[in-house]
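Notes for the one structure printed next.
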Amino acid sequence: MPIFIILGYPLLIAGGEQPSSEGGISMYIDKEEPWNTGGEALYTPNADLTRGNSGGPVYLIDRDYFPYIVGVVSGGQTEPSPTTTGGLIAGGPGLANLIRYGRQNWS
């Protein structure tokens, strides 16, 4: 089971002046959304996201315990779309592939 971790400075923790992390969250790609054809957006139904988390990195801890960035917190969706509610993470596989390409070609 993959481990996802969100980092940020949510306003509910010391007014956004202290860093915060949350692990043990689940992520999924909603392929039913017509605009999400390439997996650019990930959703998390159980992360405790508030104002101040936006722009914070989201990491996947792989089997080798190495962190891979998979996206950044983009916002939340409180009104259900046809299939989705919860936190919205921008990036997904497209971001990971872009970072991998950069490392292979410009490191």
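Here's the yes/no breakdown for (1) modelled with pLDDT of 75 or more; (2) assigned to a strand (DSSP E or B):
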{"position": "P34", "(1), (2)": "no, no"}
{"position": "N46", "(1), (2)": "yes, no"}
{"position": "L49", "(1), (2)": "yes, no"}
{"position": "Y59", "(1), (2)": "yes, yes"}
{"position": "Y68", "(1), (2)": "yes, yes"}
{"position": "E79", "(1), (2)": "no, no"}
{"position": "G87", "(1), (2)": "yes, yes"}
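Looking only at region 15-28, filter to residues that are more than 15 Å from the chain's Cα centre (by Cα) and either open to solvent by less than 60 Å² (accessible area, probe 1.4 Å) or within 14 Å of A47 (Cα to Cα) (or both); which one of those is modelled with the highest pLDDT?
G15
Scan region 62-73 and report the pairs whose first residue is open to solvent by less than 60 Å² (accessible area, probe 1.4 Å) and whose second residue is at pLDDT 85 or above and in a loop (DSSP other than H, G, I, E, B), with Cβ atoms within less than 6 Å and a gap of 6+ or a chain change.
Listed pairs, sorted by first residue: V72/G55; V73/N53; V73/S54; V73/G56.
The values are calculated or read from the model by the stated rules, or taken from the named source; none is laboratory data. Just so it is clear, the model here is predicted, and its values are computed rather than measured. Cβ sites come from the backbone with ideal geometry, for glycine too, and all protein chains shown count toward neighbours. Heavy atoms of the whole protein, side chains included, go into the accessibility calculation; ligands, DNA and RNA do not. Shrake-Rupley method; radii C 1.70, N 1.55, O 1.52, S 1.80 Å.
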